[in-house]
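What follows is a short report on a single structure.
The values are calculated or read from the model by the stated rules, or taken from the named source; none is laboratory data. Keep in mind the model is a prediction, meaning the values are calculated, not measured. Because the Cβ atoms are built from the backbone with ideal geometry, glycine has one as well, and the counts that use them run over all protein chains shown. These accessible areas exclude ligands, DNA and RNA; they are computed on the full protein's heavy atoms, side chains included. Shrake-Rupley method; radii C 1.70, N 1.55, O 1.52, S 1.80 Å.
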Amino acid sequence: MKTTLMVYILMGVLFVVPLVLFNIRKIWVKKPPDPIKFKPVRFTVIALLSVFIVVFLATAYNATLHNRYEIAIERLAEQHAQAIVGNQSMEDFRAFLVENGTEDMAEDAASVELPDYGDVDEARFQFSDWCIPKYWSDNENFEQVEVLGNENPVYILYRMTAGGRNDLILVRMKNTDEGWKYDAVSVATEEQIDTVKEPKERTGKWYTVKSNG
């Protein structure tokens, strides 16, 4: 998620800065011995173009956040990690689930049971690839819900390590008109892990969240 943000910021810099630098001498024209002349029309055009580029990139960034399942699961795991290290409360985490979840999640968020990691100042997580309906549909180890498409809903695992614990959390997500929504969260069973395939501890990408206190 941070990498995606940096990419869009870099794109903004690469588009806006050259546009401004190229035109700045054409906005304030200096022809000695005449005084410097300001061209308001050109200034307005450049300002509007710059604003358009920034708004366009911001809209594209928000669309990316909602349309990529990898970013959706990263956001969820990061919010969980923030609660584990004390940067926010578990109530805040559950509120995040409700705000970014389906109607079923809104009803079940209060009853989601996750491990207690105690008083820790660092949490690390990684996540798996998605498991599409082809693999979990009709599998008795998974809650069976309506299949909306070949890749919807999906199950994903994220590994959370903190306080000496190493847990795998199973998440079901649905792709909606508003992007990916969290539909269910629970501690994964061994049978579910066999199907979804856990992320590799040694070779998988890790994310770290530290306490602000």
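Worth pointing out:
- Dipole of the chain [Lys/Arg +1, Asp/Glu -1 at C-beta], most positive-end residue of MET90, SER211, LEU148: SER211
- Among the listed pairs LYS134/LYS181; LYS181/LYS210; LYS134/LYS174, a Cα-Cα separation exceeding 23 Å is found for LYS181/LYS210.
- Leading residue at positive end of dipole, the chain (Cβ point charges), from PRO35, VAL196, ASN175: PRO35
- Rounded accessible area of GLU91 (nearest 10 Å², 1.4 Å probe): 130 Å²
- Net charge contributed by nearby residues that have their C-beta within less than 14 Å of ASN141 (K/R +1, D/E -1): -4
- Using only side-chain charges placed at the Cβ, +1 for Lys and Arg and -1 for Asp and Glu, the dipole size of the chain relative to its Cα centre rounds to 2580 debye.
- Of the DSSP H helices in the chain, those whose Cα atoms cover at least 18 Å axially and whose Kyte score averages -1.0 or more: 2-27, 40-67, 69-84
- Residues of type aspartates and glutamates that LYS197 reaches as a straight line, Cα spacing below 13 Å, ignoring anything fewer than 8 places off in the same chain: ASP129
- For VAL45, net neighbour charge (Lys/Arg +1, Asp/Glu -1) across residues whose Cβ lies under 14 Å away: +3
- Rounded to whole numbers, the Karplus 3J(HN,Hα) couplings from phi for the stretch 187-196 are 6, 6, 8, 4, 5, 5, 5, 5, 8, 6 Hz, using 6.51 cos²θ - 1.76 cosθ + 1.60 with θ = phi - 60°, and x at Gly and Pro.
- In this structure the chain gives 61 Å² per residue of accessible area when probed at 1.4 Å with all protein chains present.
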